[in-house]
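Working notes, beginning with the structure itself.
The values are calculated or read from the model by the stated rules, or taken from the named source; none is laboratory data. Quick caveat: nothing in here was measured; it's all calculated off a predicted structure. Neighbour counts are summed over all protein chains in view; Cβ atoms, including those assigned to glycine, are modelled from backbone coordinates with ideal geometry.
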Amino acid sequence: LLSEIDSEDDYQNELIMKKNMLSWIYFRLYKIEDAVKLSNEVIKLTQWRNISSLGNRYMIMCYTGDELEAKKCLDILKKLSNETDFDKLFIEAKAEHAYYYSRLGGTDNINRCIDLFSKAVEARPDNYMWKFGLGLAYRRATHANILFSGPQRVNVEELT
């Protein structure tokens, strides 16, 4: 994922998703400085309008004890929730989380990915990146390692 961030082939939306995901991974690995650095980059790129990055930043700031910055994130999220384009931002956040689950792999994550991408595509059928992500998730779900692994199986009936 880190090497993909350095690539200049990505669209800005995909770059934002990758940086958000990596920021969260760094946070979960207790690499707080790296998480904050990436969070700052995403916040700057999105101009404080990406729900996922604000949520990530809120969690990181709570962990570090920066209550003022955490409150700032919450206040911005509350403000965004009252804006007319909030539904659009919320669907984008769902699609972004679907992307995270697709990258993590495993039966449970693939199922979550399919669920979230399906909702996002239903809301915005013109977004072909999300349709591709959904198709890729369905393809991954048919792989034998996914179909027959873990306690929760992929429902093959839903795939056909």
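Remark: pairs (first residue in the stretch 19-48, closer than 21 Å to Tyr99 by Cα; second residue not in a helix (DSSP H, G or I); Cβ separation under 9 Å; 6+ apart in sequence or on different chains) = Asn20/Asn50; Met21/Leu1; Leu22/Leu1; Ile25/Leu1; Ile25/Lys31; Ala35/Leu29; Val42/Asn50; Ile43/Asn50. Residue pairs whose Cβ atoms lie under 8 Å apart, separated by 6 or more positions or on different chains, with the first residue in the stretch 125-138 and assigned to a loop (DSSP other than H, G, I, E, B) and the second at pLDDT 95 or above, are Pro125/Lys131; Asn127/Ala95; Asn127/Ala120; Asn127/Val121.
Identify all residues within the stretch 42-76 that are small (Gly, Ala, Ser) and either part of a helix (DSSP H, G or I) or closer than 15 Å to Phe86 by Cβ (or both); write none if there are none. Before the answer, list the steps.
Kept after step one, since they are small (Gly, Ala, Ser), are these residues of the stretch 42-76: 52-53, 55, 65, 70.
Correct list: Ser52, Ser53, Gly55, Ala70.
Please verify whether the stretch 26-38 includes one or more residues that are closer than 24 Å to Leu134 by Cβ, not assigned by TED's automatic domain parsing to the domain that holds His143 and not basic (Lys, Arg). Give the derivation first.
If we filter the stretch 26-38 for residues that are closer than 24 Å to Leu134 by Cβ, which is where we start, we get none.
No; the residues of the stretch 26-38 include none that is closer than 24 Å to Leu134 by Cβ, not assigned by TED's automatic domain parsing to the domain that holds His143 and not basic (Lys, Arg).
Entry remark, the stretch 49-72: residues being touching a residue at least 12 places away in the same chain (Cβ under 8 Å) and at positive phi number 0 in total.
Restricting attention to the stretch 82-124, report how many residues are within 18 Å of Met17 (Cβ to Cβ) and assigned to a helix (DSSP H, G or I). Before you say what the answer is, go through the steps one by one.
Taking the stretch 82-124 and keeping what is within 18 Å of Met17 (Cβ to Cβ), we get 88-105, 109-110, 112-121, 123-124.
After this cut, where a residue has to be assigned to a helix (DSSP H, G or I) as well, the list is 88-104, 109-110, 112-121, 123.
Summing the residues that are within 18 Å of Met17 (Cβ to Cβ) and assigned to a helix (DSSP H, G or I) in the stretch 82-124 gives 30.
Among the residues of the stretch 44-86, those identified as small (Gly, Ala, Ser) and either under 19 Å from the mean Cα position of the chain (by Cα) or surrounded by 13 or more Cβ atoms within 10 Å (Cβ to Cβ) (or both) are Ser52, Ser53, Gly55, Ala70, Ser81.
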